[in-house]
Amino acid sequence: MDSLSLVFKIHHPFYLRTYRFFDIGERHNYYDDYRNKYILKRFSERSYYQANALMMRLFERYGEKFKVSFVFSGNAIDQMQWYMPELLEDFKRVVACPNVELVATDYSVSASSVMDKEVWKRQVESHNRRLQEVFGRQAKVLAGTQLLYDDGIGKAAAEMGMTGMLTEGAKPVLGWKSPHVVYKHPTENLKLILRDGVLSEDISLRFSRKDSGVWPVTADSFVERMQAGKADLQGGSHVTLYVNYAVMGEFQEKESGIFDFFEALPDKVLHGSGFCFAHLEELCALPGENPALHVPFTISDVDEERDLTAFYANDLQKDVMENWRRVCPAMLHCSDPELQKDFRFLTGVENLGFMSTKYFTETPSIRYLNPYDSPYDAYINYMNVWSDFVGRMKTGGWVDEDGKPVEKDILSDFVPDSVRKAVDAAAYAASDVVDSAADALAGAMNSVGKAVKGMFSKMKKNRKAKVEESDAGAAQDKAGAVKDFVAETAEKAGQAAKKTVRKVKDLGQKALDPDVDKIAEKAANAMDSAEKAVRRVVRKGAEAVLKAVEDPEEKMPRQKTAAKRPGTRKKAAVAVSDVKAASQEFDNPAKDSVPASAAKKRAARGKAAEKAASEEAKPISAVSKPASPKSAKTDSKPASSAKTVKKSVSKTSTTSAASESKTGRSRKKAE
C-alpha cells in the first residue's frame, strides 16, 4: 500500500547581539535575548499553539490512522524551556500521543557533519539524550541539518545505531530514479528515506503564491499530484513531506487557508486515495530488498542546487568554516559546559546563511529572519564574537596561542556525574598523596639541616684541623649528589601521582559500564596502591639523604670553603618548594568532592610549610664562620658577646641619626 509520511521541523537559532570589537575579552554574553524571546513568542502565538490544537483534533478524529513525525532541535527545546516553559508543556502534551514519532538531529542544527564526524556524533547523541530527558523517548531515525547527507555521513549515522536517515531526493543524485522509494546505504545497514522536494515546497514556499503555477493548493489537488507522481512498485510508493512546523500561521499566514488545508488533508488521504500515513521507523522496518543509493558528494534541501553553496560558497563563509574546523578537535576534550554550550550555539548554519551572497534564495528561515543589512555586517559581528570565544578557549588552556588544540587528560562532557565525582575524589586523593610526599621530604630535609648544623659545630671545636683540597672537592660532590637525589625523589613522587590520576581517569572514561559503583571502587583501590607507592619512594629517599649527610667517616672541607658555599638548609627549602610546585597540578579538584575539613587541614599545612621554608632559607654563615681568635673568645663568652652586639647596634643607630640630622640641616640651609 502507498504511504505518506508527514514530518515537521521545529528549530530556533540563537541570534547574536551587536558585538563590537571593544567587547572582545570584556563581555561574554553573545546572544540577543530580546530578539530570541520575541521571535519564539511571535511563532507560538501565530503558529505553534494553533497548530498543536489542530493536531490534537486530528488525533482525536482519526485515531492512530493519522500519524506525524517531529524534528525538535536542541536549540528549540532550550529556548522553550528558558523563555516559554508553558509552550514546551503544550508540545509535551502533543508528543505524548501515540500518533507522534520523534526524529533525531544534531543538537544545534550545525554544519558539524561536514566538518568533524566525531563532533557531529556527540551532538546527535546529546540531542537524543535531550529528547529522552524532555519527552521520555529517543529516536532511531535521523534527519541531519538541512537534510545534509553523503555516504560518509550515512556511515557515521549507522555507527551510532540509527536504522534510517531522512535526506533530500536531489535530482543530481537520483537522475531518472524516483524519490518515492526507500533506498539503503551501499555498504551499511541504513535505510534512506527521501524527501519529495517539489511537493514539500508547494506547501512551504508556493502555497500562497498566485504565480507559482500550482495555486490554489487544496487538499484535493495536492492528493491528485501525489497519485500522479507515485512510483509504480510492488512494495508501494512512499511520499515524504518535510516542512517547517511554523509554515502554519507564520511562513504562510492563517488567511492563506493553510490551517484549513492541513485539517482537510487527512480525510482526502485516508479515503479513496490509496495512501495511508506512516512513521519513518515503520518504513525502515518494511520487509523486502531495498535498492542501494550511492551519494558521493554532499546534498541538502536548500536552494535549487540542493548542495552546500548556501552555506559554503564565498570567502566569508569559508573563513568561518575553517575557524570551526580548527576548534573541533579541542571540543572533543573540553569539559567546560559553558564553552560546549557556546560552541553548539555559535556553529548553527544560520550564521553561515546570513553571510550568503545568494540573495535570491527561497529559504524562508534565512531570508525572512535575517537581522543583518549585508553579508559583510554578519561576518564582522560574528567574527568579533568568535574571537572572544577563542580567547576563552586559550585562557582555559584548551587551545594554544595559534588556535591549535591542546590535549588534556580529562573526562569528556558526556561522563555521568556519579563517575565524574568518583574520579574527582580520586584526583583529590592523589593531590593529598603529593602533599604528604612533600611534607615527608620537608621533614627529611629538616633532619638534614640539623645534621649539617651539628657538623659545623664540630668543626668550630676543631678549627685547627686542615683538610686537603681534594677532600673538599669530594665533599662538595657528595653534597651535590644529595641535592640531586632529593630532586629525583620529588620527581618520582609527582610522576607516581600523575600516573595514578591518569589510571583513574581512564577508568572514568568507561562510562558505559552499567555498574558505576564498581568503577568508583576501582578508583579507590588504585588510589590506595598509589599512596603506598609514593610513600615508599619518599621514605627511601629520606633515608638515603640522612645516611649520605650523617656519614661519620665523611671528611668535611676546610672552614673557609664551607663558609662560602650556599646554605645547605636553603637548598633543602628550595627542594621542598619544588615538590610543592609540582603538586599544584592536582590541587584543583571539583569543589563538591573536597571535604571542608580536608580543605582547612590542607590550608593550615600549606601555611606551616611556607613558614618553615622561609625559616629554612636563612643563611647559616653565622654558625659556620669561626674565622679568627676574636670570634673564639666571643664563643667562650656569650654574655659579653651579646653586650658587644648591643653596643655595636646602638652606636650604628646613633651615627645614622646624626647623619640624618646633619643632612636635614644642609637641605634647609640650601633652601
Extreme residue, nearest to the chain's Cα centre (by Cα), among residues of the range 17-60 that are among the aromatic types (Phe, Trp, Tyr) and farther than 27 Å from Phe259 by Cβ: Tyr30
Condition set of a type in the set (D, E, K, R) and within 30 Å of Leu286 (Cβ to Cβ), scope the range 1-58, selection surrounded by the most Cβ atoms within 10 Å (Cβ to Cβ): answer is Lys9
Name the helices (runs of 4 or more DSSP H) wholly within the range 247-364 that hold at least 2 residues that are of a type in the set (D, E, K, R), on the phi < 0 side of the Ramachandran plot and within 29 Å of the chain's Cα centre (by Cα)? 315-331, 337-346
If we keep just the residues of the range 105-114 that are closer than 18 Å to Tyr15 by Cα and among the hydrophobic types (A, V, I, L, M, F, W, C), which is modelled with the highest pLDDT? Val109
As an exercise: evaluate Leu102 against (1) of a type in the set (A, V, I, L, M, F, W, C); (2) in contact with a Gly (Cβ under 9 Å, 6 or more places away or on another chain); (3) modelled with pLDDT of 95 or more and give the number of the one condition it does not meet. (2)
Name, by its number, the condition in (1) of a type in the set (A, V, I, L, M, F, W, C); (2) touching a strand residue (DSSP E or B) at 6+ places or on another chain (Cβ under 8 Å); (3) surrounded by 15 or more Cβ atoms within 10 Å (Cβ to Cβ) that does not hold for Met355. (2)
If you take the residues of the range 228-246 that are part of a helix (DSSP H, G or I) and without any contact (Cβ under 8 Å) to a residue 60 or more places away in the chain, which of them is surrounded by the fewest Cβ atoms within 10 Å (Cβ to Cβ)? Ala228
I'm trying to understand the selection: among the residues of the range 171-213, which are open to solvent by less than 60 Å² (accessible area, probe 1.4 Å) and β-branched (Val, Ile, Thr)? Val173, Val181, Val182, Ile193, Ile203
Out of (1) out of contact with any Gly (no Cβ under 6 Å at 6 or more places or on another chain); (2) open to solvent by 10 Å² or more (accessible area, probe 1.4 Å); (3) outside any loop (DSSP other than H, G, I, E, B), what's the single condition that is false for Leu131? (2)
What helices (runs of 4 or more DSSP H), lying completely within the range 1-91, carry at least 1 residues that are in contact (Cβ under 8 Å) with a residue 40 or more places away in the chain and of a type in the set (Val, Ile, Thr)? 33-43, 74-83
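The values are calculated or read from the model by the stated rules, or taken from the named source; none is laboratory data. Predicted model only: the values in this text are computed from it and were never measured. Neighbour counts are summed over all protein chains in view; Cβ atoms, including those assigned to glycine, are modelled from backbone coordinates with ideal geometry. When the accessible area is computed, the model is the full protein with side chains, heavy atoms only, and any ligands, DNA or RNA have been set aside. Shrake-Rupley method; radii C 1.70, N 1.55, O 1.52, S 1.80 Å.
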